[in-house]
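Trainee: Attaching a single structure in structure tokens format; questions to follow.
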Amino acid sequence: MIDQELKLLEKISRKMDVLISLTSRTLLNDTDFSEKRKRGTGDLANFLAKFDLDYKEIAAILDAPVPSVRELISRKRRKK
């Protein structure tokens, strides 16, 4: 039963990531869903990190590789 509940929570989490991603794109007037590199990803990654989201969650929201998100966030923290 606990395993089913965890799977359900993971599924809900993924759907929430999609909603957050679409909302952030709407706020930024970003209608380009191509695979090109997006400007401002570092700023968005650092903004989302303030809410205790982990790298994997942020990467899913921003449609970016996890190592890239990790680097963007750690680079900003090193500058402080």
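Trainee: If the cut-off is a Cα-Cα distance under 14 Å, which aspartates and glutamates reach Lys15, setting aside same-chain residues fewer than 8 apart in sequence?
Mentor: Glu57, Asp63
Trainee: Then there's this: What ranking, highest mean first, results for peptides 65-71, 4-10 when packing means the other Cβ atoms within 10 Å averaged over each residue?
Mentor: Going from most to least packed, we get 65-71, 4-10.
Computed from the coordinates by the stated procedures, all read-outs in this text should not be read as laboratory data. Just so you know, these numbers come straight off a predicted model, no measurement behind them. As a convention, Cβ positions derive from the backbone with ideal geometry for all residues, glycine included, and neighbour counts pool all protein chains shown.
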